[in-house]
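These notes concern the structure reproduced below.
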Amino acid sequence: MARRQTKNRTGIPRIEGIPVHDAWVTFACVKCNTRNFIHIGRELIATDDAFETGEWVCEACGFIHSRETDLPFDSWPRDICDSKRVAAGRFWRAFFRSATEGPESYWKQCNTCGRILPFNDFSRHQGWGPLERQMECRACKAAINAKLNPKRTRQQLHEASVRRRIADLLVEGENERIDESDLFQRFDSKCFKTGRTLKRTQRSTWAIDHILPSKYLYPLTVANAALLSREANENKRDRWPSEFYTNSELQRLANITGANLSLLSRPKPIINSKIDVDACVERFLKVREQSNLHKRIVQLKQLLGNYRLVNRLSTENRKLLGF
Ligand SMILES: [Zn+2]
Ligand SMILES: [Zn+2]
């Protein structure tokens, strides 16, 4: 199976010449305990063959691992170590079996870091050689993935979720109740993005899109609500409408909801200029929440600062918050 030549966008080089499907057998020398590796290739060994015919030589001490060899354990009774006796025979059979029993007994070479590692150090890749494992180890894969899709750090995610929660709390008092049957009627019971028909009774399959996101302090109102399938809404998330909907969709959306088309079409998000910041802050301070007030005020101040809303606060509230 030839692998398509893919352009490496990560800058993490692959090691040339490592066969990506090949299996390795490894064993710890019973005499000197050195770990040895035997390149097997794409045909795994039958366990019985390994026992019957295997002669695995330790590269460090030359000890031959085979059913014909006496066991080298000085502290064991002589008759157990004798290769002609049952106990030694059983020892060798199990020795070869544990190295060859199934795909998961084998090892594989990572073509990125070059290490030969156990089966479990590679993620699954269906139909990929006898082991069906990926060509790079999990550790290298993690580095490659980080280059391909830089994820936001925990800290960034935490900050984003705090900001979102605070924004939600700020506009909460201005949200309108959305009449579901009315919403379905306006959107003809279809996902506005995909056109898929939705059933109102199957609540887990649809969602109300907060068209102008609460993140930017827009409350949920009838004019700011669209009907979406659950998946479409997950794709939309906190995005500004023009970053998710096409121009003609925005036009239709404005027709259906009566929202302001030029606002929806703005290329970049803008903070809601109509929001009554003082009323929001006063409501926010009254909300009982588990987390402590001091911390929440610090977070609120950060958000008001980032959104440049501080000068829209009354002098009194500015003082109250310690600006
Ligand atoms: Zn050895
Ligand atoms: Zn690796």
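What follows is calculated from the coordinates using simple rules that are stated; it is not laboratory data. Treat the numbers as computed from the prediction; the structure is a model and nothing was measured. Because the Cβ atoms are built from the backbone with ideal geometry, glycine has one as well, and the counts that use them run over all protein chains shown.
Computed per residue of the chain from DSSP H runs no shorter than four, each worth -39500 (n - 2.57), the mean residue ellipticity at 222 nm is -10500 deg cm²/dmol. Between I116, G102, A60, the Cα set farthest toward the positive side of the dipole of segment 23-148 (charges on each charged residue's Cβ, about the Cα centre) is that of I116. Distance distribution note for the chain: the fraction of Cα pairs above 26 angstrom is 67%. Taking 0.890 mPa s as the viscosity and 25 °C as the temperature, the Stokes-Einstein diffusion coefficient of segment 277-321 based on its alpha-carbon Kirkwood radius rounds to 227 µm²/s. Rounded to the nearest 10 degrees, the angle from helix 86-100 to the longest Cα principal axis of the chain is 40 degrees. Overall, segment 17-62 carries a charge dipole of about 280 debye about its Cα centre when +1 sits on the Cβ of Lys and Arg and -1 on the Cβ of Asp and Glu, all other atoms neutral. The coefficient of translational diffusion for segment 177-265, derived via Stokes-Einstein from the alpha carbon Kirkwood radius under 10 °C and 1.306 mPa s, stands at 124 µm²/s. The loop-placed GluC sites (Glu not before Pro) in segment 246-323, going by DSSP, that have at most 15 neighbouring Cβ atoms within 10 Å of their Cβ come out as E289. The distance between label points at T205 and S189 comes to 1.0 nm (points 7 Å beyond Cα on the Cα→Cβ vector). Hey, what angle do you get for helix 247-257 against the long axis of the chain, alpha-carbon based, 0 to 90 degrees rounded to 10? Roughly 50 degrees between the two axes.
The Cα trace of segment 23-148 gives Rg and Dmax of 17.0, 60 Å, the first to one decimal, the second as a whole number. For segment 15-121, applying the loop criterion from DSSP together with a ceiling of 13 other beta carbons within 10 Å to the chymotrypsin sites (Phe, Trp or Tyr not before Pro) yields F73.
Charges were assigned to the Cβ only: +1 to each Lys and Arg, -1 to each Asp and Glu. The resulting dipole of the chain about its Cα centre is roughly 1460 debye. Please compare each pair in K274/K295; K108/K141; K215/K268; K193/K268; K190/K236 to a cut-off of 18 Å on the Cα-Cα distance and tell me which ones are over it. The pairs that break the limit, which is 18 Å between Cα atoms, are K274/K295; K193/K268.
Taking the Cβ of R200 as the center, what net charge do the other residues with Cβ under 13 Å away carry, scoring Lys and Arg +1 and Asp and Glu -1? Surrounding charge for R200 is 0.
For the chain, the longest principal axis of the alpha carbon atoms and the long axis of helix 277-286 meet at an angle near 60°.
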